[in-house]
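What follows is a single structure, written as structure tokens, with notes after it.
The values are calculated or read from the model by the stated rules, or taken from the named source; none is laboratory data. Here the structure is a predicted model, which means the values were calculated and not measured. As a convention, Cβ positions derive from the backbone with ideal geometry for all residues, glycine included, and neighbour counts pool all protein chains shown. Ligands, DNA and RNA are excluded from the accessible area calculation, which covers all protein heavy atoms including side chains. Shrake-Rupley method; radii C 1.70, N 1.55, O 1.52, S 1.80 Å.
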Amino acid sequence: MQKNTTATGIVHHLERIVQVVDRIFGYSGAGLMFAEEDRTLRYLFATDERGRSLERAQAVTGQGPCVAAYADDAAVTTVDVRSDPRWPRLPELLHPEVRAVAGVPIRLGGVPVGTLNVYQDTVHDWEESDTQALHAYAHVIEQVLVASMEADEKAELADQLQYALDYRVVIERAIGYLMGKHDLTASQAFTGLRKQARDSRRRVSDLAAELLGEQGPQNVANTDHAV
């Protein structure tokens, strides 16, 4: 399907940008979330399993520092998300090594459309320089989105991002399948899936779809996003 190539182009750019955030600034991991039409945030990708648990927990509960950053259109930080009373439903869903979290909004036309999120695996006091750096990096992502909008219609960009979000559902289902079949943890299943994709020089989403015997995200339109 031609849309596969088009849709993954912008997403691959975004993914490469986010993957180096933790390396540049020394964070434990990073992630990116985007809002759907109903303003519900869903995670697009995360750099590791721990970050993936953070993004997914917030998508499931509708609360957390990144959700707040999107809703308030401002940077939101927490020294330790596991003991922060603002989001009592998060700890039980988080990887135990997700502790300090910071999120900043990503905007288009001055309107928040998602968040860039980072975490530390220890308690951490965020400084203003941290949030300033994240805002600057979010601006890079915004420029990538604007450039894509200039090259394509806005509706096409929205379709591309939705296509990518739907493929996250396929990946989640494949991880669940591997966990059940081979008695693996979520981290082991995700790591194994990524390694197999890397070894075969394929995208994780394509390998996951093949594993499930599916042709693409249209087959999971009715799947629970909180797998």
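If r is the Cβ-Cβ distance from I24 to V111 and R0 is 25 Å, what FRET efficiency results, to the nearest 0.05?
With a Förster radius of 25 Å, E is 0.40.
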First check a/c for the stretch 26-84, with a ≥ b ≥ c the square roots of the eigenvalues of its C-alpha gyration tensor; if it is under 1.5, answer rounded, and if not, answer prolate when a/b is larger than b/c or oblate otherwise. oblate
What does the accessible area per residue of the stretch 1-150 come to in Å², with a 1.4 Å probe and no ligands, DNA or RNA counted? 44 Å²
Under a Cβ-Cβ cut-off of 14 Å, what is the net charge of the residues other than S200 that fall near it, where Lys and Arg count +1 and Asp and Glu count -1? +3
Packing-wise, with mean Cβ within 10 Å as the measure, how do 52-61, 192-201, 22-31 rank, highest first? 52-61, 22-31, 192-201
